[in-house]
Amino acid sequence: MERFEVDTEQRLSVIDITDRVAERIPPDATGTATVFVEHTTAGVTVNEAESRLLEDFEAALSELVGDSGWKHDQIDDNADSHVRSLLVGPDVTVPVVDGSLRLGRWQSVLFVECDGPRTRSVRVVA
């Protein structure tokens with residue numbers, strides 16, 4: 001199991017972490033790699049990492065889940081972050097062959113920050 005950190009600069013952002021995940025796959029690994037985010041207000045998914053599309057993802061999450069009006073906000077004012085990360089999920093599984101991620105042509109592993117800026121932990125198990 002390998003771990004790395006992602007530093008985020010905005011409250012809501014989508015960051016391509018494919019290369020960082022790939023670096024943690026053992027050269028002789030074949031099977032699957034699980035990428036897991038150790039936080040309840042962040043997530044990970046697989047999709048295209050085109051810059052305008054990443055902005056669209058951020059806008060969609062903002063539109064789907066409003067910033068305020070949540071009961072949990074009475075505790076720590078970040079319920080929107082929890083709900084957004086619930087939609088994304090904490091993990092993805094990617095095929096691995098001979099130490100390489102087997103993603104589709106346009107697929108990337110994307111980290112989704114919902115409560116930044118923060119330093120986040122990501123685990124890779126292959």
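The values are calculated or read from the model by the stated rules, or taken from the named source; none is laboratory data. Remember, it's a predicted structure, so these values are computed and weren't measured experimentally. When we count neighbours, we look across all protein chains shown, and the Cβ atoms used for this are built from the backbone with ideal geometry, even at glycine.
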Checklist entry - Among the residues of the range 97-108, which ones are assigned to a strand (DSSP E or B) and either without any contact (Cβ under 8 Å) to a residue 24 or more places away in the chain or among the aliphatic types (A, V, I, L, M) (or both)? => result V97, L101
Checklist entry - Within the range 1-45, how many residues turn out to be part of a helix (DSSP H, G or I), surrounded by 14 or more Cβ atoms within 10 Å (Cβ to Cβ) and of a type outside the set (G, A, S)? => result 3
Checklist entry - For A126, all conditions in the list (1) farther than 25 Å from I25 by Cα; (2) among the small types (G, A, S); (3) in contact with a Gly (Cβ under 8 Å, 6 or more places away or on another chain) hold save one; what is the number of the exception? => result (1)
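Suppose we filter the range 50-69 for residues that are out of contact with any helix residue (DSSP H, G or I) (no Cβ under 6 Å at 6 or more places or on another chain) and buried (at least 18 other Cβ atoms within 10 Å of the Cβ); how many remain?
3
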Item to check | Failed item, numbered, when D67 is tested on (1) without any contact (Cβ under 8 Å) to a residue 12 or more places away in the chain; (2) in a loop (DSSP other than H, G, I, E, B); (3) among the charged types (D, E, K, R) | outcome: (1)
Checklist entry - Has the range 70-85 got any residue that is exposed (fewer than 14 other Cβ atoms within 10 Å of the Cβ) and at pLDDT 95 or above? => result no
Checklist entry - Name the pairs: first residue in the range 12-37 and more than 24 Å from V83 (Cα to Cα) and modelled with pLDDT of 95 or more, second residue charged (D, E, K, R) and part of a loop (DSSP other than H, G, I, E, B), Cβ to Cβ under 9 Å, at least 6 apart or on different chains? => result P27/D98; D28/D98; A29/D98; T30/D98; A33/R24
Checklist entry - Could you give every pair whose Cβ atoms fall below 9 Å, whose first residue belongs to the range 75-94 and is without any contact (Cβ under 8 Å) to a residue 24 or more places away in the chain, and whose second residue is surrounded by fewer than 16 Cβ atoms within 10 Å (Cβ to Cβ) and hydrophobic (A, V, I, L, M, F, W, C), counting only separations of at least 6 or pairs across chains? => result V83/L64
Next on the checklist: I'd like to check something: does the range 79-96 contain any residue that is outside any helix (DSSP H, G or I), out of contact with any Lys or Arg (no Cβ under 7 Å at 6 or more places or on another chain) and more than 25 Å from R3 (Cβ to Cβ)?
Outcome noted: no
Next on the checklist: Would you confirm, using the coordinates I've provided, whether T41 is farther than 30 Å from S100 by Cβ and in contact (Cβ under 8 Å) with a residue 24 or more places away in the chain?
Outcome noted: yes
Next on the checklist: Suppose we filter T93, T40 for residues that are of a type in the set (S, T, Y) and in contact with a strand residue (DSSP E or B) (Cβ under 7 Å, 6 or more places away or on another chain); which single one remains?
Outcome noted: T93
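Take the conditions over 20 Å from M1 (Cβ atoms), among the aliphatic types (A, V, I, L, M), part of a loop (DSSP other than H, G, I, E, B) and under 16 Å from the mean Cα position of the chain (by Cα) and apply them to L53. Does it pass?
In short, no.
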